[in-house]
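J.: Handing you this structure, nothing more for now.
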Amino acid sequence: VTWKSSNTSIAKVSKKGDVTAVKNGKATITATVAEHPEMTATCKVTVMQGANTLKKSVSQVMAETSAYMRATDTNPSVGSEWYVLGLARGGLSLKEKYFSTYYNHTANYSKRVLVLTAEGKDARNVGGYNLFKYISDLSLVKEQGLNGPIWALLAVNCHPEYSFPDNPSAKEQNSEEALVNFLLQSELPGGGWALMGSNADSDVTGMTLQALAPYYHKAGYENVTAAIDRGLA
């Protein structure tokens with residue numbers, strides 16, 4: 001078999017058929033059987049430049065981002081959750097005054113489990129209040145559509161000691177199993193999830209995959225593994 005490129009300034013091809021990119025552009029690679037030149041096959045090749053390498057290290061970018069976030073959100077309170085979560089999980093020392101300020105501003109609110117846990121606090125005792133008490137009623141959690149169950153599952157799994165307390169007054173007792181089943185039942189035909197409509201979207205699918213991740217390839221959760229694979233695909 002002989003090999004030929006329609007434009008060697010774009011892509012070259014060796015005698016063995018190995019193609020080497022030269023510069024951006026398009027070329028056609030043709031393979032021909034020497035004894036039967038009428039027998040040919042072609043392949044169109046597009047050469048494009050890859051992603052640019054960061055000029056700064058990841059640690060530099062993280063440090064600059066952290067500084068920007070703290071300069072932007074100087075008095076953290078309700079509404080600062082994305083800043084607090086990003087800074088806490090980004091490695092900012094939990095001894096920083098920034099975190100204690102947020103905690104003091106939110107001690108009386110029945111939410112923020114993920115953020116406060118990232119801050120090193122126990123969400124079961126925030127100003128004497130167990131934040132899981134409210135979300136122990138699955139019927140209330142489901143009122144938020146998929147978002148409620150997604151975040152409730154993320155919250156209960158963000159610390160090994162967390163669980164939903166028994167709630168005798170709940171219309172529907174919440175549990176990990178109930179949340180997992182709800183998310184599985186909400187999967188769209190063909191895979192993925194959406195806040196609304198019949199087409200999967202990357203935002204809600206991404207959040208659902210995070211919520212279900214602890215059960216991936218876990219014995220007894222083969223249906224979850226299959227759903228995650230469909231969502232990724």
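J.: Among ALA118, TYR216, GLY190, which residue has its Cα furthest toward the positive end of the charge dipole of the range 81-227, with +1 on Lys/Arg Cβ and -1 on Asp/Glu Cβ?
T.: ALA118
J.: Hey, can you find the accessible area per residue of the range 1-65 for me, probe 1.4 Å, expressed in square angstrom?
T.: Values: 5300 Å² over 65 residues.
Per-residue value: 82 Å².
J.: If you don't mind, another one. Using only the alpha-carbon atoms of the range 1-61, report the extent along each of the three principal axes, biggest first, to the nearest angstrom.
T.: The Cα atoms of the range 1-61 stretch 60, 19, 15 Å along their principal axes.
J.: Show me 78-86, 12-20, 204-212 ranked by packing, highest mean number of other Cβ atoms within 10 Å first. It would help to have the intermediate numbers written out before the result.
T.: Numbers: 78-86: 16.7, 12-20: 12.1, 204-212: 19.7.
Ranking, from highest mean packing down: 204-212, 78-86, 12-20.
J.: Quick check: convex hull over the Cα atoms of the chain, volume per residue in Å³, rounded to an integer?
T.: Working: hull volume 50.2 nm³, N = 233.
Dividing the Cα hull volume of the chain by its residue count gives 215 Å³.
J.: Can I ask one more? Compare the Cα positions of TRP82, GLN60, SER163 along the charge dipole of the chain (+1 at Cβ of Lys, Arg; -1 at Cβ of Asp, Glu; about the Cα centre) and return the one farthest towards the positive end.
T.: GLN60
J.: When the dipole is taken about the Cα centre of the range 32-148, and only Lys, Arg (+1) and Asp, Glu (-1) are charged at their Cβ, what size is it in debye, to the nearest 20? Walk me through the numbers before you get to the answer.
T.: Numbers: 13 positive and 10 negative charges, 111 e Å.
Magnitude of the dipole: close to 540 debye.
J.: Right, next: Accessible area per residue of the range 116-233 at 1.4 Å probe, in Å²? Write down the numbers at each step before the final one.
T.: Numbers: 6130 Å² over 118 residues.
On a per-residue basis, the range 116-233 sits at 52 Å².
J.: Here's a follow-up. Counting only protein heavy atoms and a 1.4 Å probe, tell me what percentage of the chain's accessible area is made up of carbon and sulfur. Before the final figure, lay out each step's value.
T.: Details: 7520 of 14350 Å².
Result for the chain: 52 percent of the exposed heavy-atom area is carbon or sulfur.
J.: Tilt of helix 202-212 relative to the longest C-alpha principal axis of the chain, in degrees (0 to 90, nearest 10)?
T.: 60
J.: Could the peptides 217-228, 132-143 be put in order, highest first, of the mean number of other beta-carbon atoms found within 10 Å of their residues?
T.: 132-143, 217-228
The values are calculated or read from the model by the stated rules, or taken from the named source; none is laboratory data. Values in this document were obtained by computation on a predicted structure and should not be read as measured data. Quick reminder, even Gly has a Cβ in these numbers, built from the backbone with ideal geometry, and neighbours come from all protein chains shown. For accessibility, only protein heavy atoms count, side chains too; no ligands or nucleic acids. Shrake-Rupley method; radii C 1.70, N 1.55, O 1.52, S 1.80 Å.
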